[in-house]
Each structure stands twice: as structure tokens, then as C-alpha cells.
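Below is one structure, written out as C-alpha cells, with a few remarks after it.
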There are 2 protein chains.
Amino acid sequence: MSDLSEGNEKDSKKPKQVEKLPPKKNFSEWYHELIQRAEIMDVRYPVKGLYVWYPFGFRIRKSVYGILREIMDREHEEVYFPALIPETELGKEGEHIKGFENEVYWVTHGGKDELDVKLALRPTSETAMYPMFRLWIRSHADLPLRVYQVVNTFRYETKHTRPLIRLREITSFKEAHTIHATFEDAEEQVRKAVAYYREFYDRLAIPYLICKRPEWDKFPGAVYTIAFDTVMPDGKTLQIGTVHNLGDNFARTFDITYETPDGEHSFAHQTCYGISERCIAALISVHGDDLGLVLPFEVSPVQVVVIPVLYKGREGEVLKVAREIGEDLKKYRVVVDESEERPGAKYYRWELKGVAIRIEVGPREVEEGTAVVSFRDEKKKFKVEKEKIPEMIEQWGEEMRERLYIRALNSMKEKIVLCESLDEVESHVKSGVAFTYLCDSERCGERLDEFGSVLGEVIEAPVSFEGEGRCVVCGKEGKLNAVARTY
Amino acid sequence: MSDLSEGNEKDSKKPKQVEKLPPKKNFSEWYHELIQRAEIMDVRYPVKGLYVWYPFGFRIRKSVYGILREIMDREHEEVYFPALIPETELGKEGEHIKGFENEVYWVTHGGKDELDVKLALRPTSETAMYPMFRLWIRSHADLPLRVYQVVNTFRYETKHTRPLIRLREITSFKEAHTIHATFEDAEEQVRKAVAYYREFYDRLAIPYLICKRPEWDKFPGAVYTIAFDTVMPDGKTLQIGTVHNLGDNFARTFDITYETPDGEHSFAHQTCYGISERCIAALISVHGDDLGLVLPFEVSPVQVVVIPVLYKGREGEVLKVAREIGEDLKKYRVVVDESEERPGAKYYRWELKGVAIRIEVGPREVEEGTAVVSFRDEKKKFKVEKEKIPEMIEQWGEEMRERLYIRALNSMKEKIVLCESLDEVESHVKSGVAFTYLCDSERCGERLDEFGSVLGEVIEAPVSFEGEGRCVVCGKEGKLNAVARTY
């Protein structure tokens, strides 16, 4: 694939030269450049809000969604429902359609014919699935039902779009849908889903806040919504997962009933929960640095790079040892970089791509039977006996994940401040997340929404404050809430 | 999941009863019923031509596409391009748009806004990819480029739709696209692609014809098209894969050029090749029988079922042994069926689902340290020492694949007849594939198209006839062609 770092003009004749990535403190610019240069997504597709997954980016996607599928497969079955939803079904649940009608893409024509019934490109799949669930569920013996799918969904975004974050085609939406006999069973599933998502983000070393979204910001049609947010380098939060208890709202709309053991007919209770490719946006943004991507070992497309440091006359023996190391590590995703570039150019390229472990071998190491090892997230290098490398890899990978997690967690903690006045909230949300107390009233919430968004009642956070206090707006009894500017 | 075999009415009160599948000789009815009853797809989605993948069906899809990905990954990289293509790009290649314009779904509105530029739901991705390839390819060092994606594509089908065969949303289109320096390099890639597809269908035990499609039926925009067709039980053929040499047609339209080692600019040469979920339609149709699915071991969602045959007072010991057998086979997809149904009902259900290997254990087998083994494609049962089972499984699976292949191959051979007159062609295509000689002229081809479709010049077939002979229409020099009614 062509090197894109020299700019977008195909016919540019200027010589290849390595331009520095903007520093991460200019987060927006850094993110946009890194996505393109590290070949995660090509942002040059000729429609706003649509992007191309490069092979390298796709390999990250494959590893990350591999973890998500592994977790889901423990108690869900994978399915696939159509991408096209007839207008009649999409419109059935009143709150739901109100929440989505401004962002639905409509298919109105097939060939030269106008369609009798317009078809929506799924913005999410409740209204594709639930008419079928009505047919699937008949008795208590059919419950619980737990399914998921990983699909493309579509939103007509009018705001500023951004790769992996705000898209018109969300290419990788993992949505799970479950059906239960009772509200309590659905609540239990919500707890499980939260635990699954916690495990998923822990494996990616991404810290998060868990909040219960305020009434006015819950999923359209849900009883309540639990959300995962992470904090981006610029202090804005990114919603990276949501879990909804739908109660029997959709069951009533779509007539999903079951026969109880006593022969009665009851409405079913439902949950749904989703994660999109924002998980990869978080991965890039939370861990990356001025040199490029920093990817946890488990999901890095190249986990180990072996770099032979060649000196004239000694090339053969060095190459031989470098290849042996590569061979010893073949159960991992390993590259032995035999290209003719200078080592510095190689370091630059593999750092940009976030390779977790780098192993260098020169003539001296060949003599010693050693190699020089370094990790993407640390400056230091150290020597290891060549024979010991294979047995150390997993441990190094896990230690790196832990380091990344602690670094990210500390960075998140620093951005969270307990604010005791509206002025403090207003001032702090410019660069971080304000925790403050808020009562139930939507009016008080709206006052805070002027500064950013109320993420909701804090359920889990890396910092601990009292759960209750006086509402920062009206002074009545309130609960600990998070407020931030959001992506 | 609910048992759907008693009909589609949710509120039907009639007692559960096992209705027999229509016999396979009534192929169309058999296929439709089997797809639903074996829980491959739910055909009750409220839009014509759109279907739901059940969990069981999805597991077949996962195994089958796992094989396809394994083969592709050897020299292609996986990518993902957007599902929405602007009208301006889709229309650029004249032949291409002519071929697709009557079956494209158009997105015309986002929310309540009319879009400035209409967006096509991809019918195939040449026009999404090739404007980007223009940017990706600059020098001969960027070649060859080989990528693939597995995506949903859309066709506004006006003909009779059928699950997995003729769809409005093709949910699982594997499309590969490659770029090369020269026409010869592209030809070499066509040969490789044909070899990949051969391997894929061999592993599924599905026999095929390989034909070069006639000029008037090639892929819109291609230089030539090589196609794989299998023969369905009713004698109609199903196209299950195509490989196209695009020459530099699209490169000229989308300005995909590269700099040669001499510094000249040349148009690139391209190929593309695709397989859709028709591969699963073929799998079901070619191997299935009056009892239901017959799935090759490698792709069966349940590879082995262990059935304890329980007698009063001996349940404990029998169950214990059945579970031990299950445990010994845990690296496979194995189910120990401990449900309380009669063995007959269990056999019925697992036969319907196509389970490759069935193992029964009763009190006598417990005493003997044996088990009774049978295969889905054979009537006979035989006893095996329990300890020997794990080491035999792979061999049994492979032997079954070979038996399935030979049976399918013989059935295909029987349906192919060399026809020496138009009357013979007309008569034979009613129940099979007519091989006959045809010259190059489109007029002679049109004469044959009246009876069915000219599949093209036969390149590979399980029966061998002279490659050349007198055109059955005009008597001039001709080549061996296949003619059939097609799905």
C-alpha cells in the first residue's frame, strides 16, 4: 500500500519525507492525522461521514471484535437481521421513532420505481427484531432469549463527523437483545451486560465512568439507560457503550407475550445493549502518544517486531538470528523487518503503528546470544537471553496492559473534579469532567446542560465521593452526577 | 427458541406434532420448508426478499465463511468500504451502470431532508473502491494489491425471491478485488481465484461446472467472466461464484495508474471475484434429503450428537458414559442430548439439523465399553470401542465428505447430457443441463437462450466431451457450451 504520509495529492512529485505527527496535545488534529497515517481509516471517501477501513485498521477491528464476540458468545447466540426496516414497523413505538426520525436514511426507490413502503436503513435494530421475537416467543420455556449481531447501522448526522466517532455508516455496531419473563430478570441481565462491558474495556486497558443517564437522555423507549463513558485527552467524554432496560414497553408495542406455567399470558421484558467502533476510537485516543498508536499486546496487528541491526560483513549471521527469533514467536503476530531502511526509519514506522514489543539484534547480541527488548510505552531498553524470549512474551504483554491501564486511569482521575458551585462546573467542564450533586428535576439538569451534558448519576468511577449531597442548582437533595462536554 | 414446525400462527392452539418435511423431489417446497424448520432463516420478515438468520443458520454461515476467509487470507487483506455510493461514482463506468441501474436501491432522504446527491446502496463495490484505489496506487511497488471484504449488498429484485438464492439484501457477499501491472498478471490472478474457489467448494463437497460466460452475459464492465455453477436437484443451475478479468476498463474510468520502473505512467489491470450466501443454498440443496439437512462434518453447527438410550433403573450409568464420550470429544461441536424425549424424537430432530455423526449408548454398550455410531448420510450403524472414538472422528468426517462429494458428483453427471439438435437441447433443459456446441455469434446464442440460459464455454466439468464441434444452431465451428435453466 502506498505511503500516505506525504499528503493526499496523488500526483505530488515532492520526495518522500517523514512529516512529524502533530503533538497529542492538539488532540483533534493529532487524531485525524493518526487515523490516516497509521492506515486505520482512509478519510478521503467522497461522501461526508463515510470512511474506508484500511487492511491495518481492519486487523485492529478484527482483534477487538474478536474479544467482544468471545465475551458475548458465552451466553448469547449470533444472528443477523435485515438492514432495511419498513416505515410501518419503525414508526410503531412512539418514543423510539421520535428519537430517531431526524437521523434516519430513507430508501425510497428501487431501480426506477418508487417503493410502496419506504424503507429505513436501520439506525438500530429493535424494530427489525421485535416483530420477529413476537413469533419466536410463545412460552416461558422460550425464555430467556439472548442474541446479538455485529452490523452496519446508519445515521444521517448533521453535526461535524469524525472517523470511528461520529459516522453516517457505523460499520461495526455490536447490538445485543434479550427477552425475559420479568422486570427483575431484565434487571439481572442489565447487571450482567455491565459486567461484560467492564471486562471488555478492562482487556483494552480503557478506564470508564459508569453512569445512569438522566430521564431526558435515556434511550428512546427505555425504562432506564446505563452508559459507559471514557475521557478523551481533551477532557471531553466519549460514550463507548450503553445498556438499556426496556421493561415491557416494546413488548406491549410489538405484542411479545409468553404463556406462564399457569397458562396465563404475560408481556415479556427486554433489554438491549450496544458497543460501536467507538471502542476503537477510545483505544487509539486513550493510549496513543506523540509518536503514534500505542496498542495493547492482545489487539495489536503486529505484536512483536524483530529488527536486525545490520553491519557490513555481519549481515548474514544477524539476519539468521533475527529470523530464528521470529520463528520462535510464530504463534504471535510477528514481523521480522528485513527491509533496507535505516533502523531509525524502521523504529519510526513501527512506533507509528503501535507495535507492542520491539526486539533488536545486532552483531554483539549474536555473539552474546541475547537480544535488546523494548516496549512501545516505555523509553527503556533491556537485554534478554534469546532463548528466554518466547516464555516471557505473554507476561510482557500483560504487564504492558497493566501499565497502560494505570497510566490511562491516572490521566482520567486528574480530569475529574468535584465542583461545588455552578461557576466551578462551568469552568471545569472546559477541560475535564465535573462531578457535582444534582436533584431529579429536569429544570436543574437543563441548567447544567448549558455547560456540557449531564452524563447522569455516577454508578462507578475511579474516584470516590459521597453519593449524595445538595443539588448544585436548587440546593435540594441530590445525587452525585457527572457533567462534561461530549463527543 | 420456539418450535416452528407447526405453522406460522403464533396463537395456534393445536398440539405440537411433527409434520413430515415435503419430499426432496418437490424441491422448491422442500427447500422453503427446510430453511424455516431447520432454523436456518426465518422467512417471515415483513419485507419481500429479506430474511432473518436464525442462530442455527448463522452458525453454518460462520463455519462456511470461516473456510472462505482462511483461503482468502493467504494472499488477500480484509478491508471494509462504505455501503453507500454516490450516484456520481456509480454512474462513471458506462457498461457497469447499465448493468445495475434497474436493480439499485436509492437513498434519497436523510431525516426530513432531501439529499443533494442520491446515494446507492452498494449492489457490488467496484465504484466504492476504485476511486480510493486511484489514491492508493502510485508506483509498481504498490502492486499487486489484493483485498476482500464480506459485506451486505443490495439488489432491487423484481423476480420471485428465495432465501439465500435471490435476495434484496445479500447479507454475506465476499468480494475480492485485485490490481496488477499487466493484463497477464491479471490473468494469472484469475487462474488463482479459480483455484481458490475450487478448493472452497471441494471442502464443502459441492461439485461444479466452470464456464466462461458468453460475451452478452459477462459482468458489466469486464473483459471476460469465469463462473462456477452447481446443478440443483430439479436440474436448474445455481451460479455460486464468479471471477472477472476487468482488464484496464475500470482503471481508465477511475484513473488508476502506476509509475513503471522506467518512470512511465501506465493504467493498472484489475480483477474481482465474488461468492455470496448462495454457497450455503448449494450446501443445503445438494446434500439434503427427505429427512432434512445433511451437513459435511467441517461446517455442521453440531458435529456429533451423543444420545443416551435410557432404560429404567440404568439411567445413571448410561448418562455417565454418554457424558464421558461428550467430554472426550469436547474439541468438536458436540451435544449430549439429555432431554426427556423418546430416542425417535431425538433422531428426528438431529437428522433435520444435519448432524454429521450420531453416537448412541444404552445399558448393553455400557457393559461392553462400546457405542453405536452412525452417519447422517448412511442407514447403517456399527459398534465401536468407546476408547477408539476420539481418534476416529476426523477420519469419519473426511470419509463422509468424500461420500457426499461422490454422491453429489454422480447426481450432477446424470443431469448432464450432450445434445446434438435444438430439439434435444429444448427437451433436456427441462430436467438437466444440456451440453452442446455453439459458435461465437450472439444470434445463435439467443436461439439457445429461448430454452434456458447459455452458461458459456465449458472449461471444467465432471463429464468429458470433445471441446469443439459444429454449432447446433448454424453448423459453423463451435465450442462445447452448457445450457440450462438457472436460478
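Out of every Cα-Cα pair in segment A:9-162, what percent are more than 20 Å apart?
Details: 8025 of 11781 pairs.
Of all Cα-Cα distances in segment A:9-162, 68 percent exceed 20 Å.
Applying both filters, DSSP loop and at most 16 other Cβ atoms within 10 Å, to the trypsin sites (Lys or Arg not before Pro) of segment B:358-435 gives B:K379, B:K380, B:K430.
The GluC sites (Glu not before Pro) of segment A:213-310 that meet both conditions, a loop assignment by DSSP and at most 13 other Cβ atoms within 10 Å of the site Cβ, are A:E264. Quick check on segment A:28-287: take the gyration tensor over C-alpha atoms, sort the square-rooted eigenvalues as a ≥ b ≥ c, and tell me if it's rounded (a/c under 1.5), prolate or oblate. In terms of gyration-tensor shape, oblate. Here segment B:388-435 and segment A:67-126 have alpha carbon centers that stand 41 Å from each other. Highest mean packing first, where packing is the average number of other Cβ atoms within 10 Å per residue, the peptides B:309-316, A:112-119, B:366-373, B:102-109 line up as B:102-109, B:366-373, A:112-119, B:309-316. For the pair segment A:454-475 / segment A:284-360, the C-alpha centres are spaced 46 Å from each other.
Computed on segment A:416-484, with alpha-carbon pairs under 8 angstrom and 6+ residues apart, the relative contact order is 41 percent.
Here the Karplus curve 6.51 cos²θ - 1.76 cosθ + 1.60, taken at θ = phi - 60°, turns the phi angles of segment B:402-409 into couplings of 5, 4, 4, 5, 5, 4, 5, 5 Hz, with x standing for Gly and Pro.
A Förster radius of 35 Å, combined with the Cβ-Cβ distance separating A:E446 from A:R74, puts the computed FRET efficiency at roughly 0.30.
Other protein chain C-beta atoms within 10 Å of residue C-beta, averaged over B:98-105: 3. Sequentially through segment B:77-94, phi angles give Karplus couplings (6.51, -1.76, 1.60; θ = phi - 60°) of 10, 7, 9, 9, 10, x, 7, 10, 10, x, 3, 4, 6, 4, x, 5, 8, x Hz, Gly and Pro residues having no value and appearing as x.
The GluC sites (Glu not before Pro) of segment B:391-427 that DSSP puts in a loop, and whose beta carbon has at most 16 other beta carbons within 10 Å, are B:E420. Spacing of the modelled spin labels on B:S339 and A:K62, each 7 Å from Cα toward Cβ, amounts to 3.7 nm.
So what is the calculated 222 nm ellipticity per residue for chain B, using -39500 (n - 2.57) for each DSSP H run with n of 4 or more, over all residues, to the nearest 500 deg cm²/dmol? Before the final figure, lay out the partial values.
Details: 14 runs with 160 residues, N = 487.
Value at 222 nm, helices only: -10000 deg cm²/dmol.
Between 0 and 90 degrees, the angle of helix A:126-136 with respect to the longest Cα principal axis of chain A falls at about 70 degrees. Across the identical copies, the label point of A:L422 (7 Å from Cα in the Cβ direction) is separated from its matches by 9.0 nm, in order from shortest.
For the protein assembly as shown, report the translational diffusion coefficient in µm²/s to the nearest whole number, using Stokes-Einstein at 10 °C, 1.306 mPa s, and a Kirkwood Rh over Cα pairs. Intermediate results must be reported in sequence, preceding the final value.
Details: Rh = 31.1 Å.
Diffusion coefficient, whole number: 51 µm²/s.
State whether segment A:87-176 is rounded, prolate or oblate according to the following rule on the C-alpha gyration tensor (a ≥ b ≥ c being the square roots of its eigenvalues): a/c under 1.5 gives rounded; otherwise a/b larger than b/c gives prolate, and the remaining case gives oblate. Here segment A:87-176 falls in the oblate category.
Would you mind getting me the FRET efficiency between A:V43 and A:E387? Use the beta-carbon distance for r and R0 = 41 Å, nearest 0.05.
Numbers: r = 45 Å, r/R0 = 1.09.
Rounded to the nearest 0.05, the efficiency is 0.35.
From the largest down, chain A spans 84, 57, 51 angstrom on the principal axes of its Cα atoms. Over 18 Å between C-alpha atoms is what I'm after, so list which of A:K346/A:K386; A:K236/A:K430; A:K413/A:K476; B:K353/B:K413 land there. Result: A:K346/A:K386; A:K413/A:K476; B:K353/B:K413 exceed 18 Å.
Tell me the net charge near A:K24. Cut-off is 14 Å between Cβ atoms, A:K24 excluded, with +1 for each Lys or Arg and -1 for each Asp or Glu.
Values: positive: A:K20, A:K25, A:R37, A:R407; negative: A:E29, A:E33, A:D234, A:D289, A:D290, A:E351, A:D377.
In short, -3.
Remark: segment B:145-205 projects, on average over all directions, an area of 5.7 nm² (convex hull of Cα atoms). As a rough footprinting exposure proxy, the listed residues B:L293, B:L238 were ranked by other beta carbons within 10 Å of their own, and the order from fewest upward is B:L238, B:L293. Straight-line cross-link partners of B:K331 among the aspartates and glutamates, defined as a Cα under 18 Å from its Cα and at least 8 positions apart when in the same chain: A:E70, A:D73, B:E298, B:E387, B:E391, B:E394, B:E398. In this calculation the C-beta distance from B:K25 to B:E394 is compared with R0 = 35 Å, giving a FRET efficiency of 0.55.
Averaged over the residues of B:169-182, the number of partner chain Cβ atoms lying within 10 Å of the residue Cβ comes to 1. Counting, for every residue in B:131-144, the Cβ atoms of other protein chains within 10 Å of its Cβ and taking the mean gives 3.
Under the definition of Cα pairs under 8 Å and six or more residues apart, what whole-number percent is the relative contact order of chain A?
Details: 957 pairs, mean separation 65.0, N = 487.
About 13 percent, as a whole number.
Taking the convex hull of the alpha carbon atoms in segment B:416-484, what volume per residue do you get, in Å³?
Details: hull volume 4.7 nm³, N = 69.
In segment B:416-484, the Cα hull volume divided by residue count equals 68 Å³.
Rule-based calculations on the coordinates, nothing more; no lab input. These numbers were taken from a predicted model, which means no experiment stands behind them. Glycine gets a Cβ as well: all are built from the backbone with ideal geometry, and neighbour counts include every protein chain shown.
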